[in-house]
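Participant: Just dropping this structure here.
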Amino acid sequence: MTINFEITQDGYTLKDAIVLTDNHTFTNAEIEAMKQKRFDDWYVIVTAPQEEIEVSNGD
Amino acid sequence: MATKYWVGGSGTWNASTTTNWSDTDGGAGGAVAPTSADDVIFNANSDAGTGFTVTINTGAVCQDITVSGLDQTMTLAGSAAWSIFGSLAYPASNLTRTYTGNITFAATTTGKTITTNGVQVTTGSVIFNGSGGSWALGSAFTKTGIITQTLGDVDLNGYSMTCTGAYTLTAGNLNLNNQTLTASTFASSNTNTRAIQFGTGKILLTGNNTIIFNMATVTNFSYTGTPTVELNYSGSVGTRTVNVSFAEAQALDFIVSAGSDALVGFTNIRGINLTGFSGSLTNELRNIYGDVTFSLNATLTAGASNLRFAATTGNQTYTGNGQVLDFPVTKFAAGNLILADDLLQNASRTFTHTLGTIDLNGNTLSTGGWSSSNNNIRSISFAGGQIDVAGGWTVSGTNFTTTGSGVISMNSASSKTFAGGGNSYTCILNQGGAGNLSITGANAFADITNTVQPATVTLPANTTTNLQQFSLQGTAGNLISLRSSIAGQQATINIV
């Protein structure tokens with residue numbers, strides 16, 4: 001089963017899905033915690049200070 | 001094509017080691033290692049009663065990889081390159097990754113899916129490189145480092161896609177599918193056939209102090225949807241360069257939503273929106289095909305290079321937010337320029353009307369001088385708006401018209417000329433400065449007025465000026481002088 005979710009904070013929106021087996025044993029609270037952790041982990045990455053970047057032309 | 005099951009707990013996945021591969025679920029190891037045609041499965045029968053590590057080593061390939069139903073923690077480790085020719089499905093729990101190698105998604109057929117379920121697949125590079133391949137996300141895709149789309153089609157399929165490095169689109173379709181692709185920079189500068197399907201999605205670029213967006217070569221690039229690229233770096237360090245050379249049909253919208261650094265480029269783009277930006281933008285020749293929204297907090301560097309409103313069809317909206325443009329501005333092509341608020345130009349700069357309609361929309365356009373000398377179809381729609389001219393007005397040639405009521409106010413304190421080109425103006429011509437206003441051409445106006453006294457208005461000799469009203473008005477001791485341009489030869493006013 002696929003649980004789609006969307007969380008927005010400070011203008012950043014994560015659209016993600018938790019994909020579980022049909023016989024999973026996660027409680028609703030555990031799934032909600034999973035969603036928040038997904039967002040928190042993503043938010044750290046998406047807002048991290050930039051490294052020096054080498055730019056390619058895409059060719 | 002076969003299905004290979006991982007068994008026996010920890011081990012190495014490479015091209016030849018057979019220890020951990022079985023041809024049956026939970027069966028004995030010793031099967032031939034998977035080829036690019038074989039699916040691989042990791043499940044509750046893969047461990048040896050405790051957590052286990054699968055180390056990706058040289059030659060690891062597979063068709064689909066499915067990790068599901070783990071009852072022990074599985075760690076994907078290693079740093080060797082890994083090629084996946086099919087789909088990838090990770091579970092929401094019990095899978096961790098320390099793997100840092102480069103992953104190539106190498107499918108050459110359509111219909112592949114990538115479901116990472118919150119697991120970052122690698123901190124190395126991810127490369128989509130399969131002629132004829134296509135991959136749709138089954139959940140958000142997030143990684144540090146870069147993503148390169150060399151061949152094949154990528155579909156975000158309703159989910160976010162994020163990388164902290166560059167996203168490079170070399171060829172194929174990038175279907176944002178109404179979602180956001182976040183990357184530090186974006187590059188697609190080549191001649192390969194490639195396209196971005198934006199829908200209502202956008203490319204969000206977080207980087208700074210480099211070439212943020214590089215499409216210097218745009219041959220064979222196209223897009224669909226609303227083409228939004230947002231730059232959201234919020235600091236003050238360095239220069240963000242947008243290096244583009246779009247033709248009108250290819251041009252993308254750029255939003256700079258934050259930052260107090262320097263911006264360079266943006267030379268041939270659809271729209272530009274600097275709301276939220278408080279740094280500087282260089283003065284360069286810019287062909288803008290879409291809407292322009294400036295920020296009063298931004299510094300638009302003064303210079304001699306033109307801002308061109310260059311749409312050939314449709315409407316372009318200008319929102320200045322009080323910004324004074326200290327560079328030339330040209331209404332350059334056949335589309336409509338609509339002012340959403342005042343367009344304010346430095347009194348030393350000229351507004352050139354080459355082609356198309358300028359709709360003041362009830363707002364004020366102030367300029368140092370007005371120039372429109374050609375035979376192109378040009379129109380000014382006043383709609384109650386006003387043009388304040390600090391210098392002279394020059395219109396000549398055919399195909400120039402005006403519509404609606406409004407005002408052209410000649411405001412210079414020095415002598416100035418309104419060279420009307422013999423046209424019928426639906427607006428009022430106002431003498432708004434102390435210097436002599438000299439009118440040339442057999443023009444018509446709704447009225448001639450004045451807002452300063454004393455003042456002089458010189459009409460063209462041997463020429464009839466048609467007016468609906470004539471409202472020049474002096475005061476006691478501050479008279480209005482009305483003259484003909486040639487002494488002894490009449491200028492005629494005809495009230496129609």
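The values are calculated or read from the model by the stated rules, or taken from the named source; none is laboratory data. Remember, predicted model here, so these are calculated numbers, not experimental data. In this analysis, Cβ positions are derived from the backbone assuming ideal geometry, glycine residues included, and neighbour counts consider all displayed protein chains. Keep in mind that these areas ignore ligands, DNA and RNA; they rest on the heavy atoms of the full protein, side chains included. Shrake-Rupley method; radii C 1.70, N 1.55, O 1.52, S 1.80 Å.
Participant: Name the residues in region B:73-97 that are of a type in the set (S, T, N, Q), away from chain A (no Cβ under 14 Å) and without any contact (Cβ under 8 Å) to a residue 40 or more places away in the chain, would you?
Facilitator: B:THR73, B:THR75
Participant: Could you check region B:229-247 and list, in sequence order, the residues that are under 18 Å from B:THR293 (Cα atoms) and more than 14 Å from chain A (Cβ to nearest Cβ)?
Facilitator: Listed by number, the list holds a single entry, B:VAL229.
Participant: Something else now. Any residue at all in region B:141-154 that is at positive phi, more than 10 Å from chain A (Cβ to nearest Cβ) and either more than 29 Å from the chain's Cα centre (by Cα) or surrounded by 19 or more Cβ atoms within 10 Å (Cβ to Cβ) (or both)?
Facilitator: yes
Participant: Here's a follow-up. Just the residues that are in a loop (DSSP other than H, G, I, E, B) and open to solvent by 10 Å² or more (accessible area, probe 1.4 Å), please, taken from region B:191-214.
Facilitator: The answer is B:THR191, B:ASN192, B:THR193, B:GLY199, B:THR200, B:THR206, B:ASN208, B:ASN209.
Participant: Looking at (1) open to solvent by less than 10 Å² (accessible area, probe 1.4 Å); (2) within 11 Å of another protein chain (Cβ to nearest Cβ); (3) assigned to a loop (DSSP other than H, G, I, E, B); (4) of a type in the set (Val, Ile, Thr), find the lone condition where B:VAL121 falls short.
Facilitator: Failed condition: (2).
Participant: With respect to A:ASN4, is the statement that it is open to solvent by 70 Å² or more (accessible area, probe 1.4 Å), at pLDDT 90 or above and either under 16 Å from B:THR206 (Cβ atoms) or more than 8 Å from chain B (Cβ to nearest Cβ) (or both) true?
Facilitator: no
Participant: Going by the structure shown, is B:SER409 of a type in the set (Ser, Thr, Tyr) and closer than 22 Å to B:GLY488 by Cβ?
Facilitator: Here the answer is no, as B:SER409 does not meet what is asked.
Participant: If only one of B:PHE186, B:PHE213 is at the interface with chain A (Cβ under 9 Å from one of its Cβ atoms), under 15 Å from the mean Cα position of the chain (by Cα) and among the aromatic types (Phe, Trp, Tyr), which one is it?
Facilitator: Going through B:PHE186, B:PHE213 in turn, the sole match is B:PHE186.
Participant: Another one. Tell me which residues, restricted to region B:138-195, are farther than 20 Å from B:PHE246 by Cβ and β-branched (Val, Ile, Thr).
Facilitator: Hits for region B:138-195 are B:THR142, B:THR144, B:ILE146, B:ILE147, B:THR148, B:THR150, B:VAL154, B:THR162, B:THR164, B:THR180, B:THR182.
Participant: Collect the residues in region B:164-179 that are buried (at least 22 other Cβ atoms within 10 Å of the Cβ) and in a strand (DSSP E or B), keeping them in residue-number order.
Facilitator: Once the filter is applied, which keeps residues that are buried (at least 22 other Cβ atoms within 10 Å of the Cβ) and in a strand (DSSP E or B), region B:164-179 yields B:ALA166, B:TYR167, B:THR168, B:LEU169, B:GLY172, B:LEU174, B:ASN175.
Participant: Looking only at residues that are part of a loop (DSSP other than H, G, I, E, B), within 23 Å of B:THR330 (Cβ to Cβ) and hydroxyl-bearing (Ser, Thr, Tyr) in region B:256-286, which one is most open to solvent (accessible area, probe 1.4 Å)?
Facilitator: B:THR282
Participant: Name the residue that is farthest from the other protein chains (Cβ to nearest Cβ), counting only residues in region A:7-31 that are assigned to a helix (DSSP H, G or I) and of a type in the set (A, V, I, L, M).
Facilitator: Here the residue is A:ALA29.
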